[in-house]
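Peer 1: Please read through the structure below; I'll follow up with questions.
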Amino acid sequence: MTHLEGLLYGAMQGLTEFLPVSSSAHLVLLPWALGWRDPGLGFDVALHLGTLLAVLWYFWRDWWELAAAAAASLGEGSLAASEKAALFWKIVVASIPAGIVGMLFEHQAEEAFRAPLLIAGTLASLGVLLYWADRQPDLRDEVHAIPWRGALWIGLAQAAAIVPGVSRSGITITAARLLGAGRETSARFSFLLSTPVIAGAALIKLNALLAVAQDPAQLLAILASAVAGFAAIGGLIRYVRLRSYLPFVLYRFALAAGVVALVLTGAA
C-alpha cells in the first residue's frame, strides 16, 4: 500500500464511519472500483482504531463522567442510580447484540457480505428506511431519555451493520429516530454506542492490528481516520441541529445507482 492509498483509505473511513453512509461499503467499493487489491477486513478493523480514537477524543469528557457514574452505581447497588450511570449501562446492554453477531458471522463478513450488488441493495433500502424514520416527530431531546428497551432495540439494529452498506451509524440513528429521539440525540447516542463495538472489534483482530503497525502507510491511514472522524462527528452534530438527514439519503441512492451501473457496464 502506498502512502497516498493509506491517506485516502483513512480519510474516507473517518468521514464515512460517523456519517450514515456506511464506511464498510466505501472500504469495499473503493478498491473494487479502482482495481486496487482489497486490503481485507483486518485492515478495515485497523482503520476503525482511528475512528475509535476520534470518538474517544471528541467524547472524552462524556466517557469520563459516564464511567465515574457507573462505578458509583455499583457501590450503590443500582445501575440506574443516576442518569449518567443508567446511560452507561444502557450502552453496555446495547453493545451485546453486535458483539454476538460479529463473532458468529465473522467469516461471512470477510467474504460473502462484500459483494458489490449486495452493498448497492443495502445502501438503497436502508436509505429508504432512514428517510422514513427521519420524518418521525421528535419526542426525546436528551440522550438519557432513551429507555432501556429502546437502547436494546438500537443495539439489535446495530448488529445488522455487519453487512456493508447498512451503516452502523445509519442504522442506529434510524432506530433512534423511530423511537422518537431527536436528530442530534440520535447522532450522539449512535456515536457513544460505537465506542465499545469498535474497541471490541479491535481486540478480536489484535493480530491484524499488530501486522498493520509494521506498515507506515497503514499507520498513516489510522491517523487520517482519527482526524477525519473527529471532524465528521462535530460536523454532523452541528448539521443536524437545524437540518434533516435527507442529503445522506440521496447520497446513498446515488452511490447504489453508481455501483449497479459499474456492474452492468462491466467497468469495474
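The values are calculated or read from the model by the stated rules, or taken from the named source; none is laboratory data. Everything quoted here is computed from the prediction, not taken from an experiment. Here the Cβ is made from the backbone with ideal geometry for all residues, glycine too, and neighbour counts use every protein chain on show.
Peer 1: Among the residues in the stretch 172-180, are any over 18 Å from S22 (Cα atoms), at pLDDT 90 or above and in contact with a strand residue (DSSP E or B) (Cβ under 9 Å, 6 or more places away or on another chain)?
Peer 2: Yes, the stretch 172-180 contains at least one residue that is over 18 Å from S22 (Cα atoms), at pLDDT 90 or above and in contact with a strand residue (DSSP E or B) (Cβ under 9 Å, 6 or more places away or on another chain).
Peer 1: I've got another one for you. Under the condition of being part of a helix (DSSP H, G or I) and among the polar types (S, T, N, Q), which residue from the stretch 216-247 is nearest to the chain's Cα centre (by Cα)?
Peer 2: If we take residues in the stretch 216-247 being part of a helix (DSSP H, G or I) and among the polar types (S, T, N, Q), then S225 is nearest to the chain's Cα centre (by Cα).
Peer 1: Return the only residue of I171, I222, I198 being touching a Leu at 6+ places or on another chain (Cβ under 7 Å), buried (at least 16 other Cβ atoms within 10 Å of the Cβ), within 23 Å of P116 (Cβ to Cβ) and not aromatic (F, W, Y). Lay out the reasoning, then the answer.
Peer 2: Details: I222 fails: within 23 Å of P116 (Cβ to Cβ); I198 fails: within 23 Å of P116 (Cβ to Cβ).
So the residue among I171, I222, I198 that is touching a Leu at 6+ places or on another chain (Cβ under 7 Å), buried (at least 16 other Cβ atoms within 10 Å of the Cβ), within 23 Å of P116 (Cβ to Cβ) and not aromatic (F, W, Y) is I171.
Peer 1: Additional query: Is there a residue in the stretch 199-210 that is of a type outside the set (S, T, Y), at pLDDT 85 or above, part of a helix (DSSP H, G or I) and in contact with a strand residue (DSSP E or B) (Cβ under 9 Å, 6 or more places away or on another chain)?
Peer 2: No, the stretch 199-210 contains no residue that is of a type outside the set (S, T, Y), at pLDDT 85 or above, part of a helix (DSSP H, G or I) and in contact with a strand residue (DSSP E or B) (Cβ under 9 Å, 6 or more places away or on another chain).
Peer 1: Would you mention how many residues in the stretch 1-51 are crowded, with 24+ Cβ neighbours inside 10 Å and more than 24 Å from G127 (Cβ to Cβ)?
Peer 2: Final tally of qualifying residues: 5.
Peer 1: If only one of D44, D38 is closer than 12 Å to I222 by Cα, among the acidic types (D, E) and touching a helix residue (DSSP H, G or I) at 6+ places or on another chain (Cβ under 6 Å), which one is it?
Peer 2: When all the criteria are applied, what remains is D44.
Peer 1: Take the stretch 97-127 and flag every residue that is modelled with pLDDT of 85 or more and either loosely packed, with under 15 Cβ neighbours inside 10 Å or basic (K, R) (or both).
Peer 2: Passing the criteria: I100, L117, S125.
Peer 1: Looking at the stretch 143-161, is at least one residue among the hydrophobic types (A, V, I, L, M, F, W, C), within 22 Å of A46 (Cβ to Cβ) and surrounded by fewer than 24 Cβ atoms within 10 Å (Cβ to Cβ)?
Peer 2: Yes, the stretch 143-161 has at least one match.
Peer 1: Considering only the stretch 143-171, state which residues are in a loop (DSSP other than H, G, I, E, B) and of a type in the set (D, E, K, R).
Peer 2: none
Peer 1: Can I ask one more? Tell me whether the stretch 36-46 contains one or more residues that are without any contact (Cβ under 8 Å) to a residue 40 or more places away in the chain and out of contact with any Pro (no Cβ under 8 Å at 6 or more places or on another chain).
Peer 2: yes
Peer 1: Y58 - would you say it is touching a Leu at 6+ places or on another chain (Cβ under 7 Å), of a type in the set (F, W, Y) and on the phi < 0 side of the Ramachandran plot?
Peer 2: Working: touching a Leu at 6+ places or on another chain (Cβ under 7 Å): no; of a type in the set (F, W, Y): yes; on the phi < 0 side of the Ramachandran plot: yes.
Considered against the rule, which asks whether it is touching a Leu at 6+ places or on another chain (Cβ under 7 Å), of a type in the set (F, W, Y) and on the phi < 0 side of the Ramachandran plot, Y58 comes out as no.
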